[in-house]
1. What are the residues in the range 158-185 that are in a loop (DSSP other than H, G, I, E, B) and in contact with a helix residue (DSSP H, G or I) (Cβ under 8 Å, 6 or more places away or on another chain), if any?
2. Take the range 400-427 and flag every residue that is within 13 Å of ligand 2 (Cβ to nearest atom), farther than 14 Å from G296 by Cβ and crowded, with 22+ Cβ neighbours inside 10 Å.
3. Could you list, in sequence order, all residues of the range 17-73 that are out of contact with any Pro (no Cβ under 8 Å at 6 or more places or on another chain), among the small types (G, A, S) and within 11 Å of ligand 1 (Cβ to nearest atom)?
4. So which residues in the range 305-333 are of a type outside the set (G, A, S), surrounded by fewer than 20 Cβ atoms within 10 Å (Cβ to Cβ) and either outside the structural domain of N403 (by TED's automatic domain parsing) or under 20 Å from L459 (Cβ atoms) (or both), if there are any at all?
5. Only one of these is buried (at least 21 other Cβ atoms within 10 Å of the Cβ), free of Cβ contacts under 8 Å to residues at least 40 places away in the same chain and of a type outside the set (S, T, N, Q): M630, M607, M644. Name it.
6. Filter the range 406-457 down to the residues that are within 16 Å of L390 (Cβ to Cβ), among the charged types (D, E, K, R) and touching a Phe, Trp or Tyr at 6+ places or on another chain (Cβ under 7 Å) and list them by number.
7. Do you know which residues across the range 201-250 are among the charged types (D, E, K, R) and under 18 Å from L265 (Cβ atoms)?
8. In the range 509-618, which helices (runs of 4 or more DSSP H) lie fully inside it and hold 2 or more residues that are closer than 19 Å to Y406 by Cβ and either polar (S, T, N, Q) or assigned by TED's automatic domain parsing to the domain that holds A381 (or both)?
Amino acid sequence: MSLVTIDRRNGLAYVTIDNPPVNSLGRSVRKNLLLACTSLAADKEVAAVVVSGKGRNFVAGADIGELGQTPSEPFLPDVLSAIENAPMPWVAAISGVALGGGLELAMACHGRVADRGARLGLPEVNLGVIPGAGGTVRLPRLVPMADAVSMITGGKPIAATHALDIGLLDRIAQADLIRCATALAQELAQKGPPVPTITRPCHSSDKIDWEAVEKQMKQKSRGAVAPLEALSSLHTAAQAPASEALSAERARFLRLTTSEQAAALRYVFFAERAAGKSLRSHDTPPVDLRQVGVIGGGTMGAGIATALVLAGSQVRLVERDAPVAEAGRARVAQTIADSVKRGVLAQGAAKAAIARLSTGSDYAALADCALVIEAVFEDMAVKRQVFSRLDAVMPAEAVLATNTSYLDVDALAETTRDPARILGLHFFSPAHVMKLLEVVRGRETGARALATGAALARLLGKVPVVAGVCDGFIGNRIMAAYRRDCEFMLEEGALPQQIDAAMQDYGFAMGIFAVQDLSGLDIAWAQRKAQAPSRDPSARYARIADQLCEAGRLGRKTGQGWYDYASGAAKSDPAVEAIIQAEQARAGRKLRSFSAEDIMARILGRMQAEGAALLQEGISESAADIDVVMVTGYGFPRHKGGPMYLAAKSSSEGKDA
Ligand code: T1G
Ligand code: NAD
C-alpha cells in the first residue's frame, strides 16, 4: 500500500496521504511525503499542489505511538519546511479532522480549505506535550494571538466555520472539497511564488497579559505542565524571530515527550481506546439504536434521553404518568436549551433533537424500540416491576438495560424471560456529558446485549468499560473503599478539609468530602444501610457519615453536610469537628498528624488494593480499564495515568532500583 500517492492532472498535482485508520504522520508517511515534495519541486509541469487525506480524515497528527521514542528522520519540521519552501503553492484540502501535526502540515501549506463539518486543532497538551512542528509559531501568524493561545493551551479543536472566521482557513467547500481546493490552488499559482506562512508577521500580542494568563492557567491545569509550556512557547513566538522560535519550540517539545506526564497521558489515550473492545463480537451485531426507550425521566433518565436525541436517535421516554413525563421532557428541553445558550449547540440542531423525543406513560409506545434503558428509583422492587412490564411488551430480541448504581443486575435479570438480553448501562451524571459508561455484564448477559453496549457507547461518544456484577461495579466500589479509609483517617486525627486539600493538590478537581456534599450523603448512606445485615461485625466501621445523615446533614442540598454552605461556599463546620472528636474518643485510637503525602499514599494504596481485588475477582478485565474508570469518571488526574498505572510504575521502578 502506498502511503502517499501523487496524481498529476491539468497542470496540478494531487498528493493523497493514505495511512489508515487516521492518516497519522508515522515515519514512512513523512519519508514518502518528503519524497513527493522533492520530486514535485523539480517538476516544471506542476503549477500547484493539493494535499488531502484518504478516507474520513485529513491527518490526525503525528503517530502517538512514536512519541517518547527517539525521533526518526525525516523529522516532521523538516518535511513541513520543504513544503513551505516549495516553488509552487500547496493547498491543504481538509476533511474530517486536521489535528496536531495534521494541522501543522496544513499551516505549512500556502492555502487551506475544509469541509463545513471539519474540525481543526492542536490537542498536543492532552498528551503532555506541545505542538512540535511549528504549531506555536505558525498559528499566531494566521490567527489572532488570543485564538492561538486558546486553541493550543486548551487543546480543543475548533469548527471549520470558526477557523474561517479567524483566518485559519481560506475557504469552506460548498460542495466538492477537492474542486474547491483546486480553484484556490490555481488562483495562488497565478499570483506568482508562494509566500511561506513563517515569513508572515506574528499577530500582535499587545492585548495578552501573559502573566495573568499564566497565573489563571496554573490554577486550572491542576498540576498538568503542558498547557503552561505551550503558553511559554507562544510567548517566545510573539517576541523572537521565527527561526529562533521554531528551534525553541522543538527543544521544548522533545523535552516534554520524555516526561512522566506525557507517558501517563499516552497510556490513558490508548487505554481509553482499548476499553470495551471485548464487547464487540464479530458474528453478533448490536440491535438497532435508531429508536431507544428510556424509562424514568428524572436526573439520569432525562440525561440519557438528552444524550440519545443529540446523537440522532428517536427516544420514547416513559414515566409513571403524563405530568411526570412532561416534567421529564422539560428537563431534556432545558438541558438542550442550556447547551444552545453556552454556544455548544446550534439552534437548528437543538430543535431537531427535541423533535426526536416523545414522552408518555404507556409502555406500548416502546414496541418499536430495540433497546430500553431504565433509570427509575434505585429500588429493587420498583425495578423488578419495570422489567416485568417490559418483558410483557418488548419483542424477544430487544435488549433491556438498567442504569442502577448499586443493585444486583443478576437478581434483576432472573426476574425476566430471557436474562441474556439484560445488562447494566451505568451512566454518570450528567449523563449527556460524562464520558464513562460502565457496561455491566451479568452472569447470563448475551453477545447481542454486550455488542449493543459497545455500539451505544460509540453512538454517544462515550468510553465503555466492562464490569462484572458486584456492589458498586468498578468505580463506585473503589470510591466506597477509599471513602472508608478517609473516614478512618478522620478517626485517627485528620480533618475533612485537610484530606480534600491533599486530593486537590494532587490534581483532583474536588476532594472526597466535597464530592459527597455535592452528590448527597444519602446515596452512600442508603447503600451502607442495605449492606448492614451482611456486614462483618468484626470489620472496622466509621460512623461519622451516618451521624451526619441522621442529623439531616445530607450535603449541599440541605445546606450542610461535611461542610456548611450558609455563606454559599463550603466552610469547615465546628459541629462536624465535634462529631469527629467524639468519634475519635469513642474509637480510642491514638491520634496522629497527617501530611498531604500521608493522605494521598493512604488513598492511592486503598484504590490500588481494591483494583487488585476487582482484577482477582474477575469484575474488571484489566488494570488499564480500572484506570480509565478512575480518570474518566472519578476525577483522577489524567496526567498521573491512574492508580493501577502508578502501582505498576512504582513496582517496576522498585525492580530497577
Ligand atoms: N496516532 C496513532 N494512532 C492514532 C492516532 C494518532 N495520532 N489517532 C488515533 N489513533 C488510533 C487509535 O488509537 C485507534 O486505534 C484508531 O486510531 C481510531 O481512533 C507533531 C506531536 C482522530 C478524532 O491527539 O483525537 O501531532 O484502537 O477510536 O473516534 O505537534 O483518534 O483502532 O487500534 O479515536 O474516529 C495529535 C488523536 C498527536 C489526535 C478519530 N493528535 N486522535 O477519532 O477514532 S501528537 C491527536 C483522535 C502530534 C505534533 C504532535 C481521534 C480522532 P485502534 P479513535 P475516532
Ligand atoms: P430520580 O429520582 O431523579 O428519577 C427517577 C425517576 O424514575 C423519577 O422521575 C420517577 O418518576 C421515575 N419512575 C419511578 N418509578 C417508575 C416507573 N415504574 N415507571 C416509570 N418511571 C418511574 O433518580 P435518578 O437520580 O435519575 O436515578 C435513577 C437511577 O439511576 C437509579 O437507579 C440511580 O441509582 C441511577 N444512577 C443515578 C446517578 C446519579 O448521580 N443520580 C448516577 C448513576 C446512576
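1. G167, L168, L169, D170, A173, Q174
2. V409, L412, G424, H426
3. Those that are out of contact with any Pro (no Cβ under 8 Å at 6 or more places or on another chain), among the small types (G, A, S) and within 11 Å of ligand 1 (Cβ to nearest atom): S24, G26, G53, A60, A62, G65, G68.
4. Selection gives Q314 alone.
5. Numbers: M630 fails: free of Cβ contacts under 8 Å to residues at least 40 places away in the same chain; M607 fails: free of Cβ contacts under 8 Å to residues at least 40 places away in the same chain.
Only one candidate passes the filter, namely M644.
6. none
7. K220, R222, E229
8. Per the criteria, 512-519, 521-531.
The values are calculated or read from the model by the stated rules, or taken from the named source; none is laboratory data. The structure presented is a predicted model; accordingly, all values stated were derived computationally and were not measured. Positions of Cβ are backbone-derived with ideal geometry, glycine not excepted, and every protein chain shown enters the neighbour counts.
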